[in-house]
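Step one of this worksheet: look at the structure below.
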Amino acid sequence: MPIKGLIKQLLIPALAFCAASLPIASALAQEWPARTVTLIVPYPPGGNVDNLARLLATEFSQKMGGTFIIDNKPGGTGLVGTNIVARAKPDGYTLLMGSYSTFATLPALSRMDPEPLDSIDVVAGIAGYIPVLAVSKQLGVKTLQELVALAKREPGKLTYGSVGVGSSSHVNGETLKHAAGIDMLHVPFKGSSQSVTALIGGQIDAVIDGVTVTPAQSGRVVPLAAFYKSRHEILPDVPTAQEAGVAARLPTSTTFGMFAPKGTPPAIVTKLQSTLESITKDPSFKSKVVAMSLSPDYTPAAEYRKALEADLKYNRDFLPRIGVAAEK
């Protein structure tokens, strides 16, 4: 058979199949959700991810007419819940509220095959957690440049607190040191509340974490800079680190996002995305998210995946340089 004839013979059935599939996909999206959708939160109840997920579940239930429930599956710094979703049936009835650390930090610290980002579909970025650099009032500095100048005059004397080696607050502190060319002593704590208590009491000099926002509002600590791509809406007068004159390399990806099992029908993913974008632009939703000390930040799937990949690549290089070595 001539080549042209063979191509025609193969192409016509394929085109017919695609044409027949379009109404099926459209009907699938229209019917979904026909039953309860489970939104897996890979962390314990009460945290930022959980609170955001519960707010979204309520919004989805109202806008889509279905029922969305939360199922907390903590463990492995988010990996337990993420793996549950990765193994779930890709039918749109199991989704993940994931975080930056699972996709851009953990794979830089431990070998994973496959890596989380390769075993799951990205739906969209939703909101950012904005760490704020705050210092003790006893330190007597009011700007980031004053802090840098003091640290250079007294290298190794100033301290910053974190919630442990490899945590975002630790990485933020080392990022500041690297970008500003200063030396500060790292003091790890068991949790954010302990580090902030020590900051308020003057036992340590600085903390870079979202939990500094509330004491900064009440004047118990001095906020110097937001370590994010934008300012914190609760502290609009506090500049970003870049605006304050320190060119720190910060995460480019949104902190929290939604993910689905690999192979979830595109029609369902598209419906999720359009609904998410609409929700995140709603003033009422935005005000509720800001009250959680988060920043609404809808990011399309392709852009979000690209940013996570870039951050993972950076972390693979940077984390070993701050003493957080990857497992062999």
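Mind putting together the pair-distance distribution for the chain? All Cα pairs, 10 Å bins, whole percent per bin, short to long.
Here the calculated profile for the chain is 6, 24, 30, 21, 11, 5, 3, 1, 0.
Helix-derived [θ] at 222 nm for the chain: sum -39500 (n - 2.57) over DSSP H runs of at least 4, divide by residue count, nearest 500?
Details: 11 runs with 142 residues, N = 328.
Computed mean residue ellipticity for the chain: -13500 deg cm²/dmol.
What's the local net charge at Ala225, with K and R +1, D and E -1, over the other residues with C-beta under 10 Å away? Can you show the working numbers first?
Values: positive: Arg231; negative: Glu243.
Its environment carries a net charge of 0.
Compute the Cα gyration tensor for the range 94-214, then decide on rounded, prolate or oblate, letting a ≥ b ≥ c be the square roots of its eigenvalues: rounded whenever a/c is under 1.5, prolate when a/b is larger than b/c in the other cases, and oblate in all that remain. Can you show the working numbers first?
Details: a/c = 2.44, a/b = 2.03, b/c = 1.20.
Prolate, because a/c is 1.5 or more and a/b exceeds b/c.
Relative to the Cα centre, what is the charge dipole magnitude of the range 261-328, using +1 at the beta carbon of each Lys and Arg, -1 at the beta carbon of each Asp and Glu, and rounding to the nearest 20 debye?
120
Which aspartates and glutamates have a Cα lying under 14 Å from the Cα of Lys89, excluding residues fewer than 8 positions away in the same chain?
Asp121
Calculate the dipole size of the chain relative to its Cα centre from +1 charges on Lys and Arg beta carbons and -1 charges on Asp and Glu beta carbons; express the result in debye to the nearest 20.
Working: 31 positive and 26 negative charges, 50 e Å.
Here the size comes out at about 240 debye.
What is the ratio of the Cα radius of gyration of the range 210-268 to 2.2 N^0.38 Å, with N the residue count, to two decimals?
Working: Rg = 16.6 Å, N = 59, 2.2 N^0.38 = 10.4 Å.
In units of the globular-protein estimate, the range 210-268 measures up at 1.60.
Please identify, among Ala127, Ala86, Ala267, the residue showing maximal mean-square fluctuation in a Gaussian network model of the chain using a 10 angstrom Cα cutoff.
In this elastic network of the chain, the residue with the biggest mean-square fluctuation among Ala127, Ala86, Ala267 is Ala267.
Counting only complete DSSP H runs, which helices of the chain cover 24 Å or more along their long axis at the Cα atoms and score a mean Kyte-Doolittle of -1.0 or above? Could you put the intermediate results ahead of the total?
Working: long enough: 3-31 (42 Å, 1.21); 301-321 (30 Å, -1.03).
Result, helices passing both filters: 3-31.
Arrange the following residues from fewest to most other Cβ atoms within 10 Å of their Cβ: Arg153, Arg231. It would help to have the intermediate numbers written out before the result.
Details: Arg153 10, Arg231 18.
Listing Arg153, Arg231 from fewest to most nearby Cβ atoms yields Arg153, Arg231.
Which one, Val171, Asn72, Thr82, projects farthest toward the positive side of the charge dipole computed for the chain from Cβ point charges (K/R +1, D/E -1)?
Thr82
Choose one of Gly219, Leu185, Thr159: the residue whose Cα lies farthest towards the positive end of the charge dipole of the range 132-226 (beta-carbon charges +1 Lys, Arg; -1 Asp, Glu; about the Cα centre).
Gly219
Under the rule of at least 5 residues apart or a separate chain, name every residue whose amide H is placed under 5 Å from the amide H of Ser110.
HN-HN under 5 Å from Ser110: Glu327.
Sorting His178, His170, His186, His232 on the 10 Å Cβ count, fewest up front, what's the list? Mind showing how you got there, number by number?
Working: His178 14, His170 22, His186 17, His232 26.
Starting with the residue having the fewest Cβ neighbours, the order is His178, His186, His170, His232.
Hey, got the dipole for the range 98-171? About the Cα centre, +1 on K and R Cβ, -1 on D and E Cβ, debye to the nearest 20?
Values: 6 positive and 6 negative charges, 136 e Å.
The dipole of the range 98-171 has a size of about 660 debye.
Going by amide H atoms built from the backbone, whose H comes under 5 Å of the H on Leu224, apart from near neighbours?
Leu133, Ala134, Val135
For the chain, set up a GNM with springs between Cα atoms under 10 Å and report which of Lys313, Lys190, Lys288 has the largest fluctuation.
Judging by the Gaussian network model, the answer is Lys190.
Could you pull out every residue, at least 5 positions away or on a different chain, whose amide H is within less than 5 Å of the one on Leu294? Hs are placed 1.01 Å off N in the peptide plane, and Pro or chain starts have none.
none
None of the figures in this text is laboratory data; all of them are computed from the coordinates on show. Being a predicted model, the structure only gives us computed values, none of them experimental. All Cβ positions, even for glycine, are placed from backbone atoms using ideal geometry, and neighbour counts span all protein chains on display.
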